[in-house]
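J.: Below are the structure tokens for one structure; questions will follow.
The values are calculated or read from the model by the stated rules, or taken from the named source; none is laboratory data. Since we're looking at a predicted model, the values are computed, not measured. Note that each Cβ is placed from the backbone with ideal geometry, even for glycine, and that neighbours are counted across all protein chains shown.
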Amino acid sequence: MSSSIYTGVSRRSFMRILGAASAAATSFPALAAVQAPAAAPQGRRGMAAAGMDGSMSPDTVIISSNENPLGPAQSALSAIGQTAPLGGRYHHEETMQTVKVINDLFGLKPGYVALTPGSGGPLDLALMSNIGPDKPLVYGDPSYEQGFRAAETMKAPKYPVPLTPTFAHDVRAMVKAHPAPGAYYIVNPNNPTGTITPREDILWLLANKPAGSVVIVDEAYHHFSNEDSVIDQVAADKDIIVVRTFSKIYGMAGIRAGMAIARPDLLAKFTNVAAPARSLASISITSSAAARASLLDKDLVPLRRKINGDVRSETLEFLTKHNYKIVPGSQANFFMVDVKRPGRDFQAAMVKENVAIGRSWPAMPNFVRVTVGTKQEMEKFQTAFVKCMDMPPGTVNGASLHLPEHLIPSELYRG
């Protein structure tokens with residue numbers, strides 16, 4: 001892994017680069033337009049959502065892939081506009097400056113951060129570099145599928161551990177699951193339940209796990225929660241890898257920015273999985289600038305956490321008032337609800353009402369996951385949900401749809 005990812009850049013050289021970009025942006029109307037206040041997204045994302053495959057209406061509400069309907073912050077859009085004119089050259093200094101901001105925010109030493117295009121790639125590498133035929137993976141059930149899919153790829157034994165009654169990862173049961181696993185995988189908040197595993201439980205796992213194993217914590221949805229991060233355990237040189245993305249609260253799913261945070265020796269192991277040239281793909285300078293601007297935008301996270309929390313609370317209050325069963329305690333931008341029939345069938349019924357919701361999990365086959373959209377989107381969800389719940393089970397057969405790969409957008413392919 002190139003050490004150039006981790007080094008800093010002087011403020012003088014960075015400001016010179018940024019000043020040149022700002023001057024250039026004024027000469028390009030298209031770039032200047034990017035810096036204008038962002039309008040609310042019109043319509044929805046993706047080929048299927050646009051009706052290009054003939055299967056979904058252009059006005060379909062897509063609340064299936066845990067995207068942020070607010071999109072990138074204005075600070076990020078401005079940074080993209082200022083940086084884009086530099087795109088004719090590589091400008092590694094841009095990425096190094098963003099890594100320096102991350103180091104400063106979390107008290108990390110140089111060499112502990114890899115900035116990447118999205119978090120799916122580094123998550124795979126974090127998993128695959130620590131598991132194999134003789135190094136099992138222990139993970140919560142249900143949880144994000146990338147864990148057990150990585151285990152299948154690496155032919156690693158899989159040890160799914162049911163969640164606790166409060167839908168947290170059962171760390172004590174996870175330790176008992178196998179005497180010498182390669183890795184423990186924790187998603188916090190958990191996907192699909194949106195629930196929290198308390199920080200003290202993760203600290204207990206770090207203190208009581210067998211030597212040689214690694215704890216991998218996926219904090220993709222951390223900013224929506226009130227729980228403290230465990231990145232400080234990386235700074236303390238523990239056996240832990242934390243993966244984060246800018247796709248969720250920062251609204252940058254299509255811009256592609258993420259990071260893996262771990263000791264340098266754990267990051268270096270990523271190259272055991274893929275050739276160094278492919279192990280951690282380079283992030284674009286515009287994505288790097290947008291990520292840095294978002295990190296430095298002090299009002300962004302608390303404001304968006306409140307917006308998401310308010311809409312989520314209103315939606316869950318509606319469902320509870322109408323006696324629908326939900327998984328309590330979500331601290332993410334999604335939740336789960338019991339539809340009392342195979343989730344795939346209910347998902348198909350909702351699509352016919354122009355609302356695309358998320359999938360179900362084998363451990364909870366009659367529950368579906370729903371992303372929190374805008375207030376207006378969730379009002380449409382409520383209307384469609386009640387209508388579909390009033391349909392007798394079996395009215396719509398989910399097997400008639402090719403889900404989720406073809407029809408319903410999914411964060412499984414977050415890249």
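Every residue, every condition in (1) under 28 Å from ILE102 (Cα atoms); (2) under 24 Å from the mean Cα position of the chain (by Cα); (3) among the hydrophobic types (A, V, I, L, M, F, W, C), yes or no:
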site	(1), (2), (3)
LEU163	no, yes, yes
LYS176	no, no, no
GLY212	yes, no, no
ASP218	yes, yes, no
HIS222	yes, yes, no
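J.: If we scan the stretch 161-172, do we find a residue that is surrounded by fewer than 24 Cβ atoms within 10 Å (Cβ to Cβ), in the same structural domain as ILE261 (by TED's automatic domain parsing) and in a strand (DSSP E or B)?
T.: Checked the stretch 161-172: at least one residue is surrounded by fewer than 24 Cβ atoms within 10 Å (Cβ to Cβ), in the same structural domain as ILE261 (by TED's automatic domain parsing) and in a strand (DSSP E or B).
J.: Looking only at the stretch 84-108, how many residues end up being part of a helix (DSSP H, G or I) and within 13 Å of ILE285 (Cα to Cα)? So that I can check it myself, show each step before the final result.
T.: Going through the stretch 84-108, the residues part of a helix (DSSP H, G or I) turn out to be 84-88, 92-106.
So of that shortlist, the ones also within 13 Å of ILE285 (Cα to Cα) come out as 84-88, 92-99.
Qualifying residue count for the region: 13.
J.: A further question follows. List, please: which pairs have Cβ atoms under 6 Å, are six or more places apart or on different chains, and start with a residue in the stretch 196-225 that is assigned by TED's automatic domain parsing to the domain that holds VAL243 and end with one that is among the aromatic types (Phe, Trp, Tyr) and not in a helix (DSSP H, G or I)?
T.: Short answer, once both residue conditions are applied: VAL215/TYR184; ILE216/TYR185.
J.: Let me ask you something else. Just to check your reading of the model, which residue among GLY111, GLY118, GLY81 is under 17 Å from ALA293 (Cα atoms) and not in a helix (DSSP H, G or I)?
T.: GLY118
J.: Hey, another quick one. Yes or no: VAL337 closer than 24 Å to ILE202 by Cβ, surrounded by fewer than 24 Cβ atoms within 10 Å (Cβ to Cβ) and hydrophobic (A, V, I, L, M, F, W, C)?
T.: On the way: closer than 24 Å to ILE202 by Cβ: no; surrounded by fewer than 24 Cβ atoms within 10 Å (Cβ to Cβ): yes; hydrophobic (A, V, I, L, M, F, W, C): yes.
It is false that VAL337 is closer than 24 Å to ILE202 by Cβ, surrounded by fewer than 24 Cβ atoms within 10 Å (Cβ to Cβ) and hydrophobic (A, V, I, L, M, F, W, C).
J.: For VAL138, state whether it is assigned to a helix (DSSP H, G or I) and either touching a strand residue (DSSP E or B) at 6+ places or on another chain (Cβ under 7 Å) or free of Cβ contacts under 8 Å to residues at least 60 places away in the same chain (or both).
T.: no
J.: Can you work out which of the residues in the stretch 347-358 that are under 22 Å from GLU314 (Cα atoms) and surrounded by fewer than 24 Cβ atoms within 10 Å (Cβ to Cβ) is farthest from the chain's Cα centre (by Cα)?
T.: Applying the first criterion (under 22 Å from GLU314 (Cα atoms)) to the stretch 347-358 yields 347, 350, 353-358.
Within this subset, residues satisfying the condition of being surrounded by fewer than 24 Cβ atoms within 10 Å (Cβ to Cβ) are 353-354.
On the way: GLU353: 27, ASN354: 25 Å.
Per the stated criteria, the residue is GLU353.
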